[in-house]
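As structure tokens, the structure follows; a few thoughts come after it.
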Amino acid sequence: MTDTTRQKDEVVVAGTFKFSDLWRKEDWLSIWIAFVVIAIAAVGALSGAFDFSGAKFASWGFSASEFVDPAKAKGVAAVFTGTLWTKLAVTLGAFGLLFTLANKLEGRKALRFLVAFAALFVLVGVVRFLSAEATFHRYLEYAFWALLLGLVISNVTKTPEWLKPALRTELYIKTGLVLLGAQVLFSNIQKFGLYGLGIAWGVTPVVILFMWWFGVKVLKITNNPLVITVAAATSVCGTSAAIAAAAAARAKKTDLAFAVGSSLIFTVLMMVGLPFFVKAVGIDPMIGGAWIGGTVDSTGAVVLAGQALGDVGGQVAALVKMIQNILIGFVALGIAIFFTTKVDPQRSADEGRKVGVCEIWQRFPKFILGFIAASMIFSFVMQPVYGVDATNDVIKHLKEFQNWAFALAFTSIGLETNFKELCSQVQGGKPFQLYIVGQVFNLILTFAVVWVLLSGKFFPIPTIAA
Amino acid sequence: MTRTAKLTYAILAVATAVAAGLMLGQYGMIPGFDFGCGQYYYTDIPNWERYFSVRGIVDSCPRWVYYVLFAAWGVLMYKLWTWLDRYASTTKPSPYREPSSAAASPSISPPTAFPIFLALRTARALVVGTGRVATHKAETLRAYGFAVDLCEPATFDATTVATYTLVIAATSDVPFNRRVSEACRAARVLVNVVDDPELCSFYFSAVERKGPFTVAVSSNGTCPVAAQVLRDRIRPLLTDDLIATTERLARDRADWKKNYPDSKSRAAAMHKEFAHL
């Protein structure tokens with residue numbers, strides 16, 4: 001039933017584009033916020049005059065472990081250095097200012113937002129600190145802690161009213177995605193030759209279509225945004241793709257939580273299980289690496305699982321995954337076009353309304369244009385003009401701002417979600433069935449394509465330069 | 001809970017337990033690699049240039065070939081998606097429809113009435129009743145050319161119903177209404193009992209007439225007011241422009257048939273005439 005109320009809320013009154021939309025609507029504001037951050041960080045990094053970057057907690061450990069680099073494994077006290085406090089202040093200052101300004105322009109109360117945002121920022125700080133713990137940070141993403149902490153607060157003690165003005169999930173997600181766009185370097189598409197293009201781009205959309213068909217037609221899941229969010233998480237690259245797909249299809253927050261949750265559990269299994277299987281069966285490391293690169297959701301897990309097969313496996317896995325990383329924006333663009341031109345008008349037709357071009361444009365998630373623009377600028381202007389190293393340096397300065405934006409979003413989701421509502425959305429475990437069946441299909445199809453391309457039976461086996 | 005749901009939750013529970021076990025035992029980690037599942041995007045990995053800023057495969061294939069292949073495959077897959085989606089929506093009502101209110105509340109029967117427009121200019125109708133509703137129904141039927149007989153309940157003769165095309169019972173006496181309904185059904189005469197859909201074999205609809213159009217909306221006896229509301233919403237769609245275009249097309253019917261002998265292309269061309277509306 002929440003579905004119907006949501007739809008009602010979201011019915012956009014068809015109107016023409018107004019120039020004031022550019023500074024009054026969330027979609028556009030998120031683009032400007034991200035571009036301001038990108039511009040300041042780029043000027044600072046390229047000129048070397050100042051360091052404008054978000055805070056990152058160094059990894060620390062509850063207990064010493066053979067896997068923790070002794071130089072890095074610090075006690076809790078050692079994490080909180082002067083530099084960290086400065087960067088925390090920079091992050092809070094930059095985001096506090098920009099997001100408050102956005103709220104002001106949207107006609108909300110600025111001061112109430114700022115107070116609530118400062119409190120939310122502290123919560124997110126706790127989330128990011130916890131997720132920096134040595135074991136946690138290698139197995140669980142901060143999304144897990146953000147959702148968990150938010151859910152616990154909202155369901156045990158109830159989210160206080162004064163905090164609610166800061167729970168602007170969509171604004172944070174969209175801003176974070178445009179910042180992510182800058183990290184999508186299109187030129188990397190060539191790094192693993194036509195092999196990489198075939199494995200990453202050949203298989204991914206087929207898996208998405210299969211999962212769409214399976215979810216909508218076989219499982220009969222009426223919540224279409226959920227289907228496409230889970231499909232993107234399974235086939236492209238886990239959390240980041242799920243966020244982009246959910247925003248593009250305007251999925252509910254619980255949909256995103258499901259997709260991220262499923263991915264979280266099965267990524268651990270696949271990261272450990274796939275290299276074990278490849279070695280046990282005696283599959284060639286290059287084939288195994290490409291297979292892992294095309295199927296395991298999270299990029300970190302891909303590199304680690306590939307590396308378990310040796311350097312070649314790790315390198316091939318990384319290169320294939322890199323191309324999938326590029327796909328996010330284009331997959332999100334396709335999803336946005338599909339949902340605004342096919343799904344939404346069909347829903348409206350069911351309600352007896354007709355959708356015009358104006359309404360399609362009104363509904364179209366504009367932040368995707370910002371995402372693509374940022375990617376194009378970094379791929380085709382920044383990289384050719386300033387070189388690879390300088391571009392990488394700018395990206396490193398943006399990275400933590402993007403992570404903070406997503407962490408703010410996931411914490412907000414947790415704080416806004418009622419546990420009962422979350423359970424009622426499970427639909428007899430259908431989202432999980434969709435993930436499992438889709439991932440199995442992904443594993444089979446990717447292996448088939450990888451075997452055809454890299455077994456040497458049909459095409460020459462490539463050599464990779466470091 | 002269905003068996004599939006139980007199985008799903010069982011798999012999920014096992015998967016979660018195994019994942020937690022792997023994490024506690026630090027499986028899958030490699031000494032010196034301080035990352036894993038938690039780093040979902042390539043730039044999350046410490047020293048990511050080491051893995052991603054490499055030359056990779058040195059091939060002679062120019063870059064534009066990649067871009068063309070990328071774009072072509074993307075467009076093809078999008079087309080396939082829309083095709084798949086159309087296919088899905090023609091094989092079942094609508095994949096996007098939320099469970100309808102009819103399915104949610106079992107008290108409302110599914111629409112089973114067959115909508116037709118009767119064109120019987122000299123037909124006879126009987127209205128049983130003396131109230132305002134009865135006279136109103138009689139007037140409506142007369143407006144459409146029916147020869148209407150009005151009779152009081154006391155003088156109703158069940159043997160005469162067979163001489164009418166349709167009968168309306170507009171009394172508040174439920175057992176009597178039932179008798180009228182049964183008599184009509186036995187004689188295969190269409191019958192409408194006011195305010196009692198159960199006893200009806202046809203319903204009146206909320207009607208809007210303008211130009212050559214008749215719009216009739218029925219809620220199948222569930223809620224006549226809803227049908228009226230819907231009819232009122234449709235009314236503004238019957239614009240003068242629409243009527244003028246329709247009448248023009250009807251007038252030039254012969255020309256259209258001559259110019260477009262194939263009925264499919266004729267229909268397509270006619271559609272375009274309405275595109276501006």
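What follows draws every value from the coordinates through simple rules; no lab data is involved. Note that the structure is predicted; figures quoted are calculated from it, not measured. We place every Cβ from the backbone using ideal geometry, glycine too, and count neighbours over all the protein chains shown.
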**Message:** Taking only complete DSSP H runs, can you tell me which helices of chain A stretch 27 Å or more along their own long axis by Cα positions and average at least 0.5 on the Kyte-Doolittle scale?
**Reply:** A:26-47, A:82-105, A:110-130, A:253-281, A:311-338, A:430-454
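Roughly how crowded by other chains is peptide A:263-276, in terms of the mean Cβ count from those chains within 10 Å of each of its Cβ atoms?
Numbers: counts 2, 5, 8, 5, 5, 13, 8, 3, 7, 10, 4, 1, 1, 2.
For peptide A:263-276, the averaged partner shielding equals 5.
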**Prompt:** When we measure straight from the Cα of residue A:396, which lysines land under 27 angstrom away, once same-chain ones fewer than 8 places off are left out?
**Reply:** A:56, A:72, A:74, A:87, A:174, A:191, A:321, A:366
**Prompt:** Given the protein assembly as shown reduced to its alpha-carbon atoms as identical point scatterers, what log10 I(q)/I(0) does the Debye formula return at q = 0.06 Å⁻¹?
**Reply:** -0.48
**Item:** Convex hull of Cα atoms in the stretch A:351-466, direction-averaged projection (nm²)
**Value:** 14.5 nm²
**Request:** With springs connecting C-alpha atoms under 10 Å apart, model chain B as a Gaussian network and identify which of B:201, B:263, B:172 has the largest mean-square fluctuation.
**Result:** B:263
**Asked** In percent, what relative contact order does the stretch B:124-204 have, based on Cα pairs under 8 Å that are 6 or more apart in sequence?
**Response** 29 percent
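Give me the number: length gained by fully extending residue B:58 to residue B:83, i.e. 0.36 nm times residue separation minus the C-alpha to C-alpha distance, one decimal in nm.
Numbers: separation 25, 0.36 × 25 = 9.00 nm, distance 3.78 nm.
Contour length minus Cα-Cα distance gives 5.2 nm.
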**Fill in**
Residues whose built amide H sits under 5 Å from the amide H of residue B:57, excluding neighbours closer than 5 in sequence, are A:192, A:193, A:465
**Two-site label geometry, residue A:118 and residue A:155: point separation in nm, points 7 Å out along Cα→Cβ** = 3.2 nm
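How large is the convex hull of the C-alpha atoms of the stretch A:16-454 per residue, in Å³?
Numbers: hull volume 70.4 nm³, N = 439.
So the per-residue Cα hull volume is 160 Å³.
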**Message:** How far apart, in nanometres, would the label points at residue A:86 and residue B:155 be if each is projected 7 angstrom from Cα along the Cα-to-Cβ direction?
**Reply:** 10.6 nm
**Complete:** Taking Cα pairs closer than 8 Å and at least 6 residues apart, the relative contact order of chain B in percent is 8 percent
**Cα centroid separation, the stretch A:151-195 to the stretch B:8-84 (Å)** = 18 Å
**Request:** Give, as a single signed number, the net charge of other residues whose beta carbon lies under 12 Å from the beta carbon of residue B:212, with Lys and Arg counted +1 and Asp and Glu -1.
**Result:** +3
**Request:** Calculate the spin-label point distance for residue A:388 paired with residue A:79, positioning each point 7 Å from the Cα along the beta-carbon direction, and give it in nanometres.
**Result:** 3.4 nm
**Request:** Could you run the Debye sum over the Cα atoms of the stretch B:176-232, one equal point scatterer each and no solvent, and tell me log10 of I(q)/I(0) at q = 0.14 Å⁻¹, two decimals?
**Result:** -0.46
**Message:** I need the calculated FRET efficiency for the pair residue A:111 and residue B:27, taking r as the beta carbon distance and R₀ as 35 Å, to the nearest 0.05.
**Reply:** 0.10
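Could you calculate the FRET efficiency of residue B:223 with residue B:117 from 1/(1 + (r/R0)^6), where r is the beta carbon distance between them and R0 is 22 Å, rounded to 0.05? Provide the component values of the computation, followed by the final result.
Values: r = 22 Å, r/R0 = 1.01.
Efficiency, rounded to the nearest 0.05: 0.50.
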**Fill in**
With T = 10 °C, eta = 1.306 mPa s and Kirkwood Rh from C-alpha pairs, the Stokes-Einstein D of the stretch B:124-204 in µm²/s is about 131 µm²/s
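P(r) tail for chain B, what percent of Cα pairs lie past 28 Å?
Distances greater than 28 Å cover 68 percent of the Cα pairs.
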**Using alpha-carbon coordinates, inclination of helix B:3-24 to the longest axis of chain B, degrees** = 20 degrees
**Request:** Search the structure for amide H atoms under 5 Å from the amide H of residue A:133, placed 1.01 Å from N in the peptide plane, and list their residues when 5 or more places away or on another chain.
**Result:** A:60
**5 Å binning of all Cα-Cα separations within the stretch B:208-273, expressed as whole percents from 0 upward** = 3, 15, 19, 15, 14, 12, 11, 7, 3, 0
**Asked** Relative contact order for the stretch B:208-273 using alpha-carbon pairs under 8 Å, separation at least 6, rounded to a whole percent?
**Response** 23 percent
**Request:** Could you work out which residue, out of B:27, B:78, B:260, moves most in a Gaussian network model of chain B, that is, has the largest mean-square fluctuation with Cα springs under 10 Å?
**Result:** B:27
**Helix-only [θ]222 nm of the protein assembly as shown, DSSP H runs n ≥ 4, -39500 (n - 2.57) each, per residue, nearest 500** = -19000 deg cm²/dmol
**Message:** Between B:231, B:248, B:178, where does the largest GNM mean-square fluctuation fall for chain B, given springs only between Cα atoms within less than 10 Å?
**Reply:** B:248
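Test of understanding: what is the full-extension gain from residue A:19 to residue A:451, defined as 0.36 nm times their sequence separation minus their Cα-Cα distance? Please report the intermediate quantities before stating the final value.
On the way: separation 432, 0.36 × 432 = 155.52 nm, distance 5.27 nm.
This chain segment gains 150.3 nm when fully extended.
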**Request:** At a Cα cut-off below 24 Å, give the lysines reachable from residue A:220, other chains included and same-chain residues fewer than 8 away excluded.
**Result:** A:8, A:252, A:253, A:342, A:420, A:430, B:6, B:79, B:92
**Message:** Can you give the FRET efficiency to the nearest 0.05 for residue B:178 and residue B:140, using r as the Cβ-Cβ distance and R₀ = 22 Å?
**Reply:** 0.40
